[in-house]
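Below is one structure; the comments refer to it alone.
The values are calculated or read from the model by the stated rules, or taken from the named source; none is laboratory data. Given the structure is predicted, the values throughout are model-derived calculations rather than measurements. Virtual Cβ from ideal backbone geometry, glycine too; neighbours counted across all protein chains shown.
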Amino acid sequence: MPSEALDEQDRIIAWAEEHLGEIPRIVVCGKTGAGKSSLINALLGREVNRVGHAEPTTQAEQEEAWTLGESRLRILDVPGFGEADKHQDRLDFIFRQLALSHIGLLVVGAPDRAWEYERQFVQSVFEADKQFPLLVVGNRIDMFNPVRDWKPQSLNLDTPSTPKEQAICQWAKALRTALGLEQDQLLLTSAGESFEDHAGRFGLEALARAVVQKLPAAVQNAAARALQVDVDKRDLADKLIWGASVTAAAVALTPIPLADCIPLAALQIGLIVKIADIYGKVLTKQTACHLLSPVAASFAGRMALASLLDFFPGIGSVAGGLIGAGIAGPMTYAIGKTYLEFFASNNFTPSVEEVRLLLKENYQKAREKRQEMEKAARAERSAKHKKTL
């Protein structure tokens, strides 16, 4: 391979490693007998797995370093699927590994045309993640008739003219159609008779380039997975915030004095402790109180009216300095949303000014949900009342 191409591969691999925070990892999978072991041996340039003909050779997962230029990738070889008594267990294992990897290679052995397992596999991958970088490798194309007529250096699959070239292209077209692949998702290879059979190989450099070119997508995909995890965390936190806001509104259905808001303060302290826990940070109640000091809450439950007037427009108009459901619910909601934003961005020590700005913004949004909160609070209070009867 020209040095310029290797330099470009090194640059992309190094960039991917930097952004992934680890060496890019590739899972190589496929039906038993597809030729995974021979392909991996050829890619690595050494005999990692014994190549067998009478029985499956990969019985346990094995991870190796694949060197391209001066850079490295990680290749995980997994046991093949399609064996009746082990099929589902192996599929489950492969999908767990795909979730921890950046690129997948599905090896399909030529001239096999029984592709139902592969079709289901590809469908399952893209149903789980439409953007997952998956390449299908049509391996052992040297096995098309006439088998002995194998001259990879002169093979022309762009304009096939020989019976072997035409058979390969027809098979590849049928495979793409059966698996629903785009043109660039299928690579055709021959690993040769052994890892030392350089003359018998075809398509390995093109496969290496395709893998490297997938790395930017792999980085984006890994980031998307991380974001999805964050979305799941946010969803959990949002449910906690809503529940706490409704409870706060229920507590305040009978207006409570600003100077005696122990239940409300305790609820808000507990809320941010739980949100922090979702994002992997253990907060004591004392630390939570300190974080809440900009919103005038203390562990003892005392609340400073002057600060509340600054933070929550509308409280000052409450006659006699009382907090009702229309204030307590949105106030709790705003507090929860504010600290959720900080914790989700790994900021567990926001400044007073940061809190003030975001709190005011979130309180305005929370007021739009006031009637919904009050309705839910009345329903919650009614349900509790019935239980006590």
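Within region 197-212, the set of residues being outside any loop (DSSP other than H, G, I, E, B) and surrounded by 15 or more Cβ atoms within 10 Å (Cβ to Cβ) comprises Phe202, Leu204, Leu207, Ala208, Arg209, Ala210, Val211, Val212.
Of all residues in region 173-192, those that are out of contact with any helix residue (DSSP H, G or I) (no Cβ under 8 Å at 6 or more places or on another chain) and either under 21 Å from Ile40 (Cα atoms) or modelled with pLDDT under 90 (or both) total 0.
Could you please find all residues in region 12-31 being under 15 Å from Lys214 (Cβ atoms) and either outside the structural domain of Leu134 (by TED's automatic domain parsing) or among the charged types (D, E, K, R) (or both)? Listed by number, the residues that qualify are Glu17, Arg25.
Applying the condition of being of a type in the set (Asp, Glu) and surrounded by fewer than 16 Cβ atoms within 10 Å (Cβ to Cβ) to region 67-107 and asking which residue is nearest to Leu44 (Cα to Cα) yields Glu70. Taking the listed residues Ser351, Ser298, the one that is assigned by TED's automatic domain parsing to the domain that holds Lys274 and at pLDDT below 75 is Ser298, with no other qualifying.
Go through region 109-145 and count every residue that is assigned to a strand (DSSP E or B) and within 22 Å of Thr162 (Cβ to Cβ).
So in region 109-145, the residues assigned to a strand (DSSP E or B) come out as 109, 134-139.
Right, trim to within 22 Å of Thr162 (Cβ to Cβ) and you get 109, 138-139.
Matching residues across region 109-145 total 3.
If the condition is being polar (S, T, N, Q) and in contact (Cβ under 8 Å) with a residue 40 or more places away in the chain, then region 136-152 contributes only Asn139.
Consider region 158-196. How many of its residues are β-branched (Val, Ile, Thr), in contact (Cβ under 8 Å) with a residue 40 or more places away in the chain, part of a loop (DSSP other than H, G, I, E, B) and farther than 19 Å from Ile103 by Cα? So that I can check it myself, show each step before the final result.
Residues of region 158-196 β-branched (Val, Ile, Thr): 159, 162, 168, 177, 189.
Checking which are in contact (Cβ under 8 Å) with a residue 40 or more places away in the chain leaves us with 168, 189.
Narrowing the set further to residues that are part of a loop (DSSP other than H, G, I, E, B) leaves 189.
Narrowing further to those that are farther than 19 Å from Ile103 by Cα: none.
So the count comes out to 0.
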